[in-house]
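Visitor: Following this message is one structure expressed as structure tokens.
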Amino acid sequence: MTHTIPAPARQERTPAPPARQAAPRGPLRTRLADPLFNVIAVGTLLVAIAAILYPMYFIVIASVSEPSEILNGNVWLWPQGFTLEGYTRIFGDPTILRGFGNSVLYTVLGTAISVVVILCAAYALSRKDMFGRTFFMLLFIVTMFIDGGLIARYLVVRDLGMLDTIWAVVLPGAVGVWNLIIARAFFENNVPAELREAAQLDGANDFRFFLQIVLPLSKPLIFLMIMIHLVANWNAFFDALIFLDDPNKYPLQLVLRNVLIQSEVSAAGGTSGLDSYAAAQRLGELIKYGMIVISTVPLLIVLPFMQKHFTKGALLGAVKS
């Protein structure tokens, strides 16, 4: 007797579920969130840029406008009553060009000394095998909180025989401790000890390793240090005011200060009538705005070329720790 195996019941194929439709987009507020944020962010940045650039632009147009128009509020977008009398008076003074040359010399020399000393000291302090590095670092940090004062500083400069010399301007503030800390952190986080060990196996001593390996790897830090000290040395005038006696050695900032004081003195007491007083006051205002432009333009020309390296160096030296 044969047994027939019943065929399996034919299962009915269930229809495939319909394709899931895209979820409906959120409410209008959600859809407008990103564009609204972009508009607010861009608007805020534009306002910030205008708040930074407009004062600089105003100083430029005010330096070639009549002071009476400035006082009346007529100068806000374009110069009114165009005049170059202020610049003519400034550049007609022979001390201006001499002061400009002195400032260039002090800035270049002071920046070179500061950058070299800070890089060498920071690399030495970043080496964990340096004997007494904690003690030396503590000595540097103490100077950030304890200062002997102006009299003690003057006595030190005098006893070292640097009064009325270029060294009295560039040496007393050559090493900024905060910049030294940034450079030390950069070397600790970007120059591994394994790299130095590999260089030693190849026969490189410490000086060769520092000059040929460490410095090429530290270009962002070097540009950062150069930019910081360029600005500081170009704007510095206090050390020159205290330590220099020869007017021929004055930097530009100090020369411009003296020119402004002379113009104010002549306006206050060196005139005999109301008309001459008003003329002296007018010239003083033109000189004031013109001096701001003259002292700022060199930095505005140089710094944009270093901005990329400045930002990168600041992040590498300050964020990592």
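Visitor: If we scan the range 189-205, do we find a residue that is touching a helix residue (DSSP H, G or I) at 6+ places or on another chain (Cβ under 7 Å), in the same structural domain as PHE238 (by TED's automatic domain parsing) and either polar (S, T, N, Q) or modelled with pLDDT of 90 or more (or both)?
Guide: Looking through the range 189-205, at least one residue is touching a helix residue (DSSP H, G or I) at 6+ places or on another chain (Cβ under 7 Å), in the same structural domain as PHE238 (by TED's automatic domain parsing) and either polar (S, T, N, Q) or modelled with pLDDT of 90 or more (or both).
Visitor: Let me ask something additional. Taking the condition surrounded by 12 or more Cβ atoms within 10 Å (Cβ to Cβ), out of contact with any helix residue (DSSP H, G or I) (no Cβ under 9 Å at 6 or more places or on another chain) and at pLDDT 90 or above, does VAL108 pass?
Guide: The answer is no for VAL108.
Visitor: Another one. Residues of the range 77-94 being under 28 Å from the mean Cα position of the chain (by Cα) and modelled with pLDDT of 85 or more, which ones?
Guide: Hit for the range 77-94 is TYR87, nothing else.
Visitor: Restricted to the range 58-74, and to residues that are free of Cβ contacts under 8 Å to residues at least 40 places away in the same chain and closer than 26 Å to LEU252 by Cβ, which residue is farthest from the chain's Cα centre (by Cα)?
Guide: Applying the filter and picking the extreme gives SER65.
Visitor: So, of the residues in the range 249-288 that are crowded, with 20+ Cβ neighbours inside 10 Å and of a type in the set (Val, Ile, Thr), which turns out to be modelled with the lowest pLDDT?
Guide: Out of the qualifying residues, it is VAL259.
Visitor: Give me a count of the residues in the range 125-157 that are within 22 Å of the chain's Cα centre (by Cα) and in a loop (DSSP other than H, G, I, E, B).
Guide: 0
Visitor: Based on what the data block shows, is VAL231 surrounded by 14 or more Cβ atoms within 10 Å (Cβ to Cβ) and either hydroxyl-bearing (Ser, Thr, Tyr) or modelled with pLDDT of 85 or more (or both)?
Guide: yes
Visitor: For the subset of the range 14-49 comprising residues that are part of a helix (DSSP H, G or I), modelled with pLDDT under 90 and among the small types (Gly, Ala, Ser), which member is farthest from GLY290 (Cα to Cα)?
Guide: My answer is ALA33.
Visitor: At pLDDT 65 or above, touching a helix residue (DSSP H, G or I) at 6+ places or on another chain (Cβ under 9 Å) and part of a helix (DSSP H, G or I): is that true of LEU315 in this structure?
Guide: No, not satisfied.
Visitor: Moving on to the next point. On the given criteria, is GLY161 in the same structural domain as LEU105 (by TED's automatic domain parsing) and either among the acidic types (Asp, Glu) or over 25 Å from LEU224 (Cα atoms) (or both)?
Guide: When the stated conditions are applied, GLY161 passes them.
Visitor: Tell me, yes or no, whether the range 158-180 has at least one residue that is charged (D, E, K, R), in a helix (DSSP H, G or I) and under 30 Å from LEU254 (Cβ atoms).
Guide: Looking through the range 158-180, at least one residue is charged (D, E, K, R), in a helix (DSSP H, G or I) and under 30 Å from LEU254 (Cβ atoms).
Visitor: Test GLY99 against the stated conditions and say whether it is more than 25 Å from PHE223 (Cβ to Cβ) and in contact (Cβ under 8 Å) with a residue 24 or more places away in the chain.
Guide: yes
Visitor: Next question, about the same structure. Pairs please, first residue from the range 120-145 and on the phi > 0 side of the Ramachandran plot and outside the structural domain of VAL175 (by TED's automatic domain parsing), second anywhere and outside any helix (DSSP H, G or I) and surrounded by fewer than 14 Cβ atoms within 10 Å (Cβ to Cβ), Cβ atoms under 6 Å, 6+ apart in sequence or on different chains.
Guide: Matching pairs, first to second residue: none at all.
The values are calculated or read from the model by the stated rules, or taken from the named source; none is laboratory data. The structure displayed is predicted, hence computed values, not measured ones. Counting neighbours? That spans all protein chains shown, and the Cβs are built from the backbone with ideal geometry, glycine included.
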